Amino acid sequence: MFKRLALISAILLVTASAFADEGMWLYNAFPAARVKARYKFTVTQPFLDHLRLSSVRMGASASFVSPDGLVFTNHHVGAGCVHNISTDAHDYIKDGFYAPTRAQEPPCPGLEVQTLLEIRDITRQVQDAAKPGMSDVEVGAAQRAATARLEAECSDPAKGIRCETVTLYSGGLYHLYKYKKYTDVRLVMAPEFDAAFFGGDPDNFTYPRYDLDITFLRAYENGKPVHVDNYLPFTTAGVREGDLVFISGHPGSTGRLQTEAQLAFLRDLGYPARLQQLKQTIDSLLAFSAESPENARAAERVLFGAQNSYKAITGYNAGLNDRATMARKHADEEKLRKEVAANPKLKDSANAWAEIEAAMQWQRENFQRIRFQSDAALPGNFATYARTLVRLAAELPRDSATRLREYQDQNVPSIENALKSKAPLSRPLEIRQLTVALTSMQQNLGPDHAFVKQVLAGKTPADRAAELINGSHLNDPAFRQELYKGGEVAITAAVDPMVVLLRQIDSVTRATRKDAEEHIDTVLRKNGALIAKARFELYGTSTAPDATGTLRLSYGAVKGYTENGKKIPFFTTFAGAFAHESAHDAKFPYQLPASYHRAKDKLDLNTVLDTVTTGDSIGGNSGSPVVNTKGEIVGILFDGNLQSLPWNFLYEEETGRSVLTDSRAVIESLRHIYSAAPLADELIPPTRK
């Protein structure tokens, strides 16, 4: 039987001195004893509750920073809204945006934010759904039905309450997360892209950095700003070397507890294929952007995402190709397997690694089919809308518990909100994205593959992409609502070419998904849980679970490091930003916005701009509030250095660092660059100065 979380304090107290600042920890299993042993600070339950309720999920990470629903996140997290409210006359990505009054805060189409109200352990209910004599597939179905029932009982769409099951330790634990969501989100302030991403792709995942990667939004309900009791106040007191800080955010995924077989698959096939497709996408979008300023504006967010992913995955894969890293992973796995083999109580876990290896072999043999006949094979908003509408028509008539997970009742309100979005779509951009995907599909599956023939319909990838996008009306919210409300009758009768294609291939993509679930997902879940059982029996919860895109809490010290014999200070300044621009002759992407130069004489150039910490983070942590021991915001996480990228699989704190925009830079820029004193006063009211 699993050791329960009640044992965590005793376990962590024993092991506290043996660990560095590693871990993206569950809020209901935070290693307070470990923090106290290393930093002499007591993390209390009220501290944790307040930080949890102040944290926000919106694709990545964010936080409430005033009682009036003000939300703080990164520029690149909120850029979708900034882009969507831009027009030909006003490019707010380029020029920045500020609403001096609340009446001037524009809605962000399709955006919603969620805060985590409650965490409940449902491990027993989910595991008890597996009955003796069930096959692996039957167990998977029974457990999915159990989680669907629990989610439905917990959710209350009329009140904006949404619940979801979080699988931890590969099925060793199951938690039910209860969220309050807000669907009326409006833009307050965003700096220019050149300020938020100064140094561009060359400086991405490097340090020193000089970025003001921030955006402010506001959550509304019933037409008024939301009042929140839990929010994180700003401070300009600053941080010093060695100060303890906490990172509260939503790390996307890590593979620290994956087996060698899983990591080898990523190294040999998964990551190289992803890098190849990203490279094709980046090259195509760079050419597309060079064709006109409007193309460049339309593609900037997608191009940023592709370049960011390419650099990140390159770093992840470098870790998997590093002999020392993999030797350490191999030694850890061998040690665990030997201990399992020697423990009679763990005999059920002994064969788990072999079964995972078999599943990984099946995935290797079916890699291209799974890759290109999956839902992700056709990118872009037009294809996503079409797939969603086709699936809704088929799924909604069924009982919620038997539907595909993403179409169960608790998820439908968010889907409906997305379908109503008035965010503009760029047909030329969508054509270019789809062309890249169809070209890759044809190259990898072969022109004579039945699925390729069905998708291309006798045309070249470029011609087929243009036909599908130019002939579609899915950019119109009213048209999408008409199809949604018409259900299966409307979808069956639809002649929109994108809807027709997604309808035609739905049976194939569903079958591919089912194959992957049966041969990969179910096997990994079952055997991952057995390995987790062994870990619990032997080590307790002294290791944090892999990231799942849900709220976690990390901690670490503000600390510089040494690189190639050179001491790298923990902070940079506005003066350093101007010097960095000058050192690169102010050539793209090293051009500070004109607003910086206009304000230079008013700025305190010694104000700290960016800092680094040993706190553990990964993709998805962007926008995470970073607080001191008083619970005050001292920064916002926006990146990691190159040395932190292998943290996806193995943490080290010698040179790996999370990179933050400092709270002092935020207040200084609001007051002296952006003439946004009311916003600065909302963050730090005059009575607190």
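The criterion of at least 2 residues that are modelled with pLDDT under 95 is met, among helices (runs of 4 or more DSSP H) falling completely within the range 323-382, by 323-341.
In the range 367-379, the count of residues that are out of contact with any Leu (no Cβ under 8 Å at 6 or more places or on another chain) and polar (S, T, N, Q) is one or more.
The set of residues in the range 364-380 that are among the charged types (D, E, K, R) and under 20 Å from residue 278 (Cβ atoms) comprises 371, 375.
State the number of residues belonging to the range 518-546 that are basic (Lys, Arg) and within 16 Å of residue 345 (Cβ to Cβ). Before you say what the answer is, go through the steps one by one.
The first filter runs over the range 518-546 and keeps only residues basic (Lys, Arg), leaving 525-526, 533, 535.
From what's left, within 16 Å of residue 345 (Cβ to Cβ): 533, 535.
Adding up the residues that qualify gives 2.
Each row is one residue, and each column tells you yes or no for (1) closer than 29 Å to residue 110 by Cα; (2) surrounded by 18 or more Cβ atoms within 10 Å (Cβ to Cβ); (3) at pLDDT 95 or above; (4) not charged (D, E, K, R).
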{"position": "6", "(1), (2), (3), (4)": "no, no, no, yes"}
{"position": "12", "(1), (2), (3), (4)": "no, yes, no, yes"}
{"position": "35", "(1), (2), (3), (4)": "no, yes, yes, yes"}
{"position": "51", "(1), (2), (3), (4)": "yes, yes, yes, yes"}
{"position": "55", "(1), (2), (3), (4)": "yes, yes, yes, yes"}
{"position": "65", "(1), (2), (3), (4)": "yes, yes, yes, yes"}
{"position": "68", "(1), (2), (3), (4)": "yes, no, yes, no"}
{"position": "77", "(1), (2), (3), (4)": "yes, yes, yes, yes"}
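Being part of a loop (DSSP other than H, G, I, E, B) and more than 22 Å from the chain's Cα centre (by Cα) is the filter here, so list the residues in the range 102-115 that pass it. Even if it seems obvious, please write down each step before you answer.
Initially, the range 102-115 is screened for residues part of a loop (DSSP other than H, G, I, E, B), giving 105-106, 108-112.
Residues satisfying the conditions are 105, 106.
I want to confirm something. Restricting to the range 417-444 and keeping residues that are part of a helix (DSSP H, G or I) and modelled with pLDDT under 95, which single residue is nearest to residue 384 (Cα to Cα)? Filtering the range 417-444 for residues that are part of a helix (DSSP H, G or I) and modelled with pLDDT under 95, the one nearest to residue 384 (Cα to Cα) comes out as 418. Every listed requirement among (1) part of a loop (DSSP other than H, G, I, E, B); (2) aliphatic (A, V, I, L, M); (3) surrounded by 21 or more Cβ atoms within 10 Å (Cβ to Cβ) is met by residue 257 save one, (3). Just checking, does the range 482-490 include any residue being in contact (Cβ under 8 Å) with a residue 12 or more places away in the chain, assigned by TED's automatic domain parsing to the domain that holds residue 407 and assigned to a loop (DSSP other than H, G, I, E, B)? No, the range 482-490 contains no residue that is in contact (Cβ under 8 Å) with a residue 12 or more places away in the chain, assigned by TED's automatic domain parsing to the domain that holds residue 407 and assigned to a loop (DSSP other than H, G, I, E, B).
Here residue 639 clears all of (1) touching a helix residue (DSSP H, G or I) at 6+ places or on another chain (Cβ under 7 Å); (2) in contact (Cβ under 8 Å) with a residue 12 or more places away in the chain; (3) not aliphatic (A, V, I, L, M) except the condition numbered (1). A single entry from 451, 536, 479 fulfils the requirement of being surrounded by 15 or more Cβ atoms within 10 Å (Cβ to Cβ), out of contact with any helix residue (DSSP H, G or I) (no Cβ under 7 Å at 6 or more places or on another chain), outside the structural domain of residue 56 (by TED's automatic domain parsing) and at pLDDT 95 or above: 479.
Somewhere in the range 257-270, is a residue of a type in the set (Val, Ile, Thr), in contact (Cβ under 8 Å) with a residue 12 or more places away in the chain and in contact with a Leu (Cβ under 8 Å, 6 or more places away or on another chain)?
no
Take the residues in the range 255-307 that are among the β-branched types (Val, Ile, Thr) and out of contact with any Phe, Trp or Tyr (no Cβ under 7 Å at 6 or more places or on another chain); name whichever of them is modelled with the highest pLDDT. Of everything passing the filter in the range 255-307, 281 is modelled with the highest pLDDT. Within the range 360-388, residues that are assigned by TED's automatic domain parsing to the domain that holds residue 504 and within 20 Å of residue 416 (Cα to Cα) have Cβ atoms under 6 Å from residues that are assigned to a loop (DSSP other than H, G, I, E, B) and not hydrophobic (A, V, I, L, M, F, W, C) in these pairs: 382/472, counting only partners at least 6 apart in sequence or on another chain.
Filter the range 576-598 for residues that are of a type in the set (Phe, Trp, Tyr) and within 14 Å of residue 665 (Cβ to Cβ); which is surrounded by the fewest Cβ atoms within 10 Å (Cβ to Cβ)? First the steps, then the outcome.
Initial filter on the range 576-598 (of a type in the set (Phe, Trp, Tyr)): 578, 588, 590, 596.
This time we only want the ones that are within 14 Å of residue 665 (Cβ to Cβ), so: 578, 596.
Numbers: 578: 18, 596: 23.
Looking at residues that are of a type in the set (Phe, Trp, Tyr) and within 14 Å of residue 665 (Cβ to Cβ), I get 578.
So which of 61, 86 ends up being surrounded by 22 or more Cβ atoms within 10 Å (Cβ to Cβ) and hydroxyl-bearing (Ser, Thr, Tyr)? Selected residue: 61, the only one of 61, 86 that is surrounded by 22 or more Cβ atoms within 10 Å (Cβ to Cβ) and hydroxyl-bearing (Ser, Thr, Tyr). For residue 620, the test of being buried (at least 20 other Cβ atoms within 10 Å of the Cβ), out of contact with any Phe, Trp or Tyr (no Cβ under 9 Å at 6 or more places or on another chain) and either free of Cβ contacts under 8 Å to residues at least 40 places away in the same chain or part of a loop (DSSP other than H, G, I, E, B) (or both) is passed.
Here residue 228 fits the description: in a loop (DSSP other than H, G, I, E, B), assigned by TED's automatic domain parsing to the domain that holds residue 41, closer than 19 Å to residue 54 by Cα and touching a strand residue (DSSP E or B) at 6+ places or on another chain (Cβ under 9 Å).
Evaluated against (1) in a helix (DSSP H, G or I); (2) assigned by TED's automatic domain parsing to the domain that holds residue 638; (3) of a type outside the set (Lys, Arg), residue 237 falls short on exactly one condition, (1).
The values are calculated or read from the model by the stated rules, or taken from the named source; none is laboratory data. Predicted model only: the values in this text are computed from it and were never measured. Note: ideal-geometry Cβ built from the backbone for every residue, glycine included; neighbour counts use all protein chains shown.
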